[in-house]
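A short worksheet on the structure shown next.
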Amino acid sequence: MDSNFIMRKADVTDAKAIAKVHVDSWRTTYANIVPDDYLSNLSYESREQNWQKTIPNGGVFVVENDAGNIVGFASGGKERSGKYSGFEGELYAIYILQEYQGRGIGRALVTAIVEEIKRMGWTSMLILVLKDNNACQFYETLGAKKLDTVDIHIAGKKLAELVYGLEDI
């Protein structure tokens, strides 16, 4: 990540900007993967409310451009499913506005989540990603190994989600 960007821990006042990145990123990342009507009905307001509740629990980082606008974020913490023995942490979400992708922001955000998970005393983490998402290759270059494929449903459409594991973070 070049010096035009600043990464920091999120605070609750960032909820609105994170929600905008979240919705806008879903609309570009998951176009032609997730049904269009689902994407068009995503709400900035409901995402903002969700982030207002999530941010105080920690594990959320943002990246700002030189104008002070949030252009990406990531969140992570304790692994949620309990299905994958030996994996204590999880990258819950990472989204970067399309025009800012490919600038090292994703790698910097993953590193921040890894450091947060290590501070919690854990040494491994899961990453779940839709199989048709171009980010799969990104996670593989970080050393993530495919552990499983699970089916999920979004707006009535069955999608495959890959479960990656990063050991010894």
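The values are calculated or read from the model by the stated rules, or taken from the named source; none is laboratory data. These figures come from a predicted structure and were not determined experimentally. Every residue, glycine among them, receives a Cβ derived from its backbone with ideal geometry; neighbour counts consider all protein chains shown. Only protein heavy atoms, including side chains, enter the accessible area calculation; ligands, DNA and RNA are left aside. Shrake-Rupley method; radii C 1.70, N 1.55, O 1.52, S 1.80 Å.
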All other residues with a Cβ under 13 Å from the Cβ of Ala74 taken together, and with Lys, Arg as +1 and Asp, Glu as -1, what is their net charge?
-1
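In whole percent, and with a 1.4 Å probe on the protein chains, what portion of the accessible area of segment 84-169 is carbon and sulfur? Spell out each step's value before the answer.
Numbers: 2010 of 4510 Å².
Whole-percent figure for carbon plus sulfur exposure: 45.
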Would you kindly derive the ³J(HN,Hα) couplings of segment 98-111 from the backbone phi angles with the Karplus curve 6.51 cos²θ - 1.76 cosθ + 1.60 (θ = phi - 60°), listing them in order in whole Hz, with x for Gly and Pro?
3, 6, 10, 6, x, 10, x, 5, x, 4, 5, 5, 4, 4
For Thr54 the rounded accessible area (nearest 10 Å², probe 1.4 Å, non-protein molecules ignored) is 50
If I ignore ligands, DNA and RNA and count only protein heavy atoms, how much of Trp51 is accessible to a 1.4 Å probe, in Å² to the nearest 10?
10
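Probe of 1.4 angstrom, ligands and nucleic acids ignored: what's the accessible area per residue over the chain, in square angstrom?
Values: 8980 Å² over 169 residues.
Counting only protein heavy atoms, the per-residue value for the chain is 53 Å².
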Karplus ³J(HN,Hα) for segment 158-169 (6.51 cos²θ - 1.76 cosθ + 1.60, θ = phi - 60°; Hz, whole; x = Gly/Pro) runs 7, 10, 8, 10, 8, 10, 9, x, 10, 9, 6, 6
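If I compute solvent accessible area with a 1.4 Å probe over the protein chains, what percent of it on segment 38-79 is carbon and sulfur?
41
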On a 29 Å Cα-Cα criterion, which of the cross-link pairs Lys83/Lys131; Lys53/Lys146; Lys53/Lys145; Lys20/Lys158; Lys20/Lys83; Lys16/Lys146 come out too long?
Lys53/Lys146; Lys53/Lys145; Lys20/Lys83; Lys16/Lys146
If I stretch the segment between Ile33 and Asn57 completely, what's the gain in nm (0.36 nm per residue apart, minus their alpha carbon distance), one decimal?
5.6 nm
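Based only on Cα atoms, what Rg/Rh ratio does segment 1-156 have, Rh being taken as Kirkwood's radius?
Rounded to two decimals, Rg/Rh equals 0.94.
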Cut-off 13 Å between beta-carbons: net charge of the residues surrounding Gln52, Lys and Arg +1, Asp and Glu -1
-1
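Summing Lys, Arg as +1 and Asp, Glu as -1, what charge do residues with Cβ under 15 Å from the Cβ of Lys20 carry, Lys20 excluded? The partial results should precede the final answer.
Working: positive: Lys16, Arg27, Arg47; negative: Asp14, Asp24, Glu45, Glu48, Glu64, Glu99.
Computed value for this residue: -3.
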Sorted by packing (mean other beta-carbon atoms within 10 Å per residue), highest first, where do 7-16, 146-155, 107-116 land?
107-116, 7-16, 146-155
Cα-centred dipole magnitude for the chain, charges only on beta-carbon of K, R (+1) and D, E (-1), debye, nearest 20
220
